[in-house]
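A.B. asks: What follows is a single structure, and I will ask about it in a moment.
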Amino acid sequence: MSRDGHRIAYVDDASDHYVALDVRTGQIRQLNAKPAGRVREDEPHLAVSGDGTLFATSPEAVAETTITNFATGETRIIKNVCRLYGVTSSGVLGTRHCEGDSDLRWVSPGKKPRVFEYLNRNDGPSLSPDGKFIAVRGFTLIDFATGEAVRNFPIPATKQWLDADHLLARTDNGYYAADIRTGSLTKLPLTAPRYERVLLGPWR
């Protein structure tokens, strides 16, 4: 789901292709020319930009990513990127290989890939909506520009971003918005099962 709650991407059962739906207009756009194949939570093959305009998709077991501009329908192909952890107008964050513990890399069209050699899919990475930080499993925040850790959260923050400044956090008492700059928590009125993935649009 886009962060404004206006667009939803999913695999269409009839065609087995990734599509995106604009819930306001009913417009549906196909996102990838190849079938999506198997979809698993631990092998992400879909990423949406912070503004809900760009959708990055890759078929199962194929290291080729398609970035689609929903508004215009324009697409571009990026080779050697399989699992996807974030997309902006500048490029896509993902892994080169579809199997194994492939390193994390940032790929911009026409430029040499930037490799985060010490990070891989097992770290559960997630790019912030503004592209400035990478959240990883273990409650750590990485500065995208320097590759250095800038905060180790003393709270159970997840890799799900609420906005550019907040991560979704879980405790025994429920769900919270964790401020990445201060570490403070704001209680959220969610009643979903604790270990289920939560899809959120605007939260405030």
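The values are calculated or read from the model by the stated rules, or taken from the named source; none is laboratory data. Everything numeric in this text was worked out from a predicted model, so none of it was measured. Here the Cβ positions follow ideal geometry from the backbone for every residue, glycine too, while neighbour counts run over all protein chains shown. Just the protein is used for accessible areas: all its heavy atoms, side chains included, with ligands, DNA and RNA removed. Shrake-Rupley method; radii C 1.70, N 1.55, O 1.52, S 1.80 Å.
A.B. asks: Of the residues Thr171, Thr158, Thr182, Thr186, which is within 16 Å of the chain's Cα centre (by Cα) and either at pLDDT below 85 or more than 17 Å from Gly86 (Cα to Cα) (or both)?
C.D. replies: That would be Thr158, the only listed residue that is within 16 Å of the chain's Cα centre (by Cα) and either at pLDDT below 85 or more than 17 Å from Gly86 (Cα to Cα) (or both).
A.B. asks: Could you check the range 88-117 and list, in sequence order, the residues that are of a type in the set (A, V, I, L, M, F, W, C) and closer than 15 Å to Phe133 by Cβ?
C.D. replies: Correct list: Leu93, Leu104, Trp106, Phe116.
A.B. asks: Mind listing whichever residues of the range 36-64 are polar (S, T, N, Q) and surrounded by fewer than 18 Cβ atoms within 10 Å (Cβ to Cβ)?
C.D. replies: Answer for the range 36-64, where residues must be polar (S, T, N, Q) and surrounded by fewer than 18 Cβ atoms within 10 Å (Cβ to Cβ): just Thr53.
A.B. asks: Can you tell me which of (1) under 14 Å from the mean Cα position of the chain (by Cα); (2) assigned to a loop (DSSP other than H, G, I, E, B); (3) not hydroxyl-bearing (Ser, Thr, Tyr) is the one Phe55 doesn't meet?
C.D. replies: Going through the list (1) under 14 Å from the mean Cα position of the chain (by Cα); (2) assigned to a loop (DSSP other than H, G, I, E, B); (3) not hydroxyl-bearing (Ser, Thr, Tyr), Phe55 breaks only (2).
A.B. asks: Could you say whether any residue in the range 15-27 is open to solvent by 30 Å² or more (accessible area, probe 1.4 Å), touching a Lys or Arg at 6+ places or on another chain (Cβ under 7 Å), free of Cβ contacts under 8 Å to residues at least 60 places away in the same chain and part of a strand (DSSP E or B)?
C.D. replies: Yes, the range 15-27 contains at least one residue that is open to solvent by 30 Å² or more (accessible area, probe 1.4 Å), touching a Lys or Arg at 6+ places or on another chain (Cβ under 7 Å), free of Cβ contacts under 8 Å to residues at least 60 places away in the same chain and part of a strand (DSSP E or B).
A.B. asks: Within the range 77-96, take every residue that is of a type outside the set (Ser, Thr, Tyr) and surrounded by fewer than 17 Cβ atoms within 10 Å (Cβ to Cβ) and give me the one that is farthest from Ile67 (Cα to Cα).
C.D. replies: Of everything passing the filter in the range 77-96, Asn80 is farthest from Ile67 (Cα to Cα).
A.B. asks: Next question. Does Glu60 satisfy the condition of being assigned to a strand (DSSP E or B) and of a type outside the set (Ser, Thr, Tyr)?
C.D. replies: When the stated conditions are applied, Glu60 does not pass them.
A.B. asks: Taking the range 119-140 as the region of interest, how many residues are modelled with pLDDT under 85 and more than 18 Å from Val81 (Cβ to Cβ)?
C.D. replies: 4
Each row is one residue, and each column tells you yes or no for (1) within 16 Å of the chain's Cα centre (by Cα); (2) basic (Lys, Arg).
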residue: Ala61; (1), (2): no, no
residue: Val87; (1), (2): yes, no
residue: Lys111; (1), (2): no, yes
residue: Asp123; (1), (2): yes, no
residue: Pro129; (1), (2): yes, no
residue: Val136; (1), (2): yes, no
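A.B. asks: OK, next. Going by the conditions given, is Ile67 part of a strand (DSSP E or B), in contact with a Ser or Thr (Cβ under 8 Å, 6 or more places away or on another chain) and open to solvent by 60 Å² or more (accessible area, probe 1.4 Å)?
C.D. replies: no
A.B. asks: Of all residues in the range 71-122, how many are among the small types (Gly, Ala, Ser), in contact (Cβ under 8 Å) with a residue 40 or more places away in the chain and part of a loop (DSSP other than H, G, I, E, B)?
C.D. replies: Counting residues in the range 71-122 that are among the small types (Gly, Ala, Ser), in contact (Cβ under 8 Å) with a residue 40 or more places away in the chain and part of a loop (DSSP other than H, G, I, E, B) gives 3.
A.B. asks: Same structure again: Name the residue that is nearest to Trp161 (Cα to Cα), counting only residues in the range 123-150 that are part of a loop (DSSP other than H, G, I, E, B) and of a type in the set (A, V, I, L, M, F, W, C).
C.D. replies: Among residues in the range 123-150 that are part of a loop (DSSP other than H, G, I, E, B) and of a type in the set (A, V, I, L, M, F, W, C), the one nearest to Trp161 (Cα to Cα) is Phe139.
A.B. asks: Looking at (1) touching a residue at least 24 places away in the same chain (Cβ under 8 Å); (2) assigned to a loop (DSSP other than H, G, I, E, B); (3) within 24 Å of Arg121 (Cβ to Cβ), which is the only condition Arg38 fails?
C.D. replies: Going through (1) touching a residue at least 24 places away in the same chain (Cβ under 8 Å); (2) assigned to a loop (DSSP other than H, G, I, E, B); (3) within 24 Å of Arg121 (Cβ to Cβ) one by one, Arg38 breaks only (1).
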